[in-house]
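Encoded as structure tokens, the structure appears first; notes follow it.
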Amino acid sequence: PYRDRRARFRCVLAIATPGGSLVTAEGVLEGYIGLEPRGQGGFGYDPLFIVPEYNCTLAELDLETKNRISHRGRALAKLRERLAELFAALGWEKCESVW
């Protein structure tokens, strides 16, 4: 059964500022290991990694959805929020060109 084949992807991003601040963010994607590869997209384990919310493998998702829900995408979204908080605390104006 799939419940015995649990898996997760985890990504941790960190930025250290010259002033000594450390900003970190973690993204996790929970899923299951499939019994056989499905889908043509992605790379590595994508054809075997089943995302329960979508009932398909990462390789079967369109690229936009995969990037949004992936462990990397989730970590990057959190890092962006934390950087915005840090910039606000430092009194820096947000630079629209990098967001």
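Below is a table of values for the structure above.
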quantity: Of all residues making up segment 56-74, the number that are assigned to a strand (DSSP E or B) and exposed (fewer than 14 other Cβ atoms within 10 Å of the Cβ); calculated: 0
quantity: Search result, residues across segment 24-37 that are crowded, with 16+ Cβ neighbours inside 10 Å and aliphatic (A, V, I, L, M); calculated: 25, 29
quantity: Conditions (1) touching a Leu at 6+ places or on another chain (Cβ under 8 Å); (2) not in a helix (DSSP H, G or I); number of the one not met by residue 53; calculated: (1)
quantity: Verdict on residue 27 being under 17 Å from the mean Cα position of the chain (by Cα) and closer than 27 Å to residue 14 by Cα; calculated: yes
quantity: Selection count, segment 40-50, where residues are small (Gly, Ala, Ser) and either surrounded by 17 or more Cβ atoms within 10 Å (Cβ to Cβ) or part of a helix (DSSP H, G or I) (or both); calculated: 1
quantity: Filter result for residue 33 (touching a Cys at 6+ places or on another chain (Cβ under 9 Å), modelled with pLDDT of 95 or more and more than 30 Å from residue 85 (Cβ to Cβ)); calculated: no
quantity: Number of the condition not met by residue 25 [criteria: (1) touching a residue at least 40 places away in the same chain (Cβ under 8 Å); (2) within 19 Å of residue 4 (Cα to Cα); (3) among the hydrophobic types (A, V, I, L, M, F, W, C)]; calculated: (2)
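The values are calculated or read from the model by the stated rules, or taken from the named source; none is laboratory data. What you see is a predicted model, and the numbers here were worked out from it, not measured in a lab. Note that each Cβ is placed from the backbone with ideal geometry, even for glycine, and that neighbours are counted across all protein chains shown.
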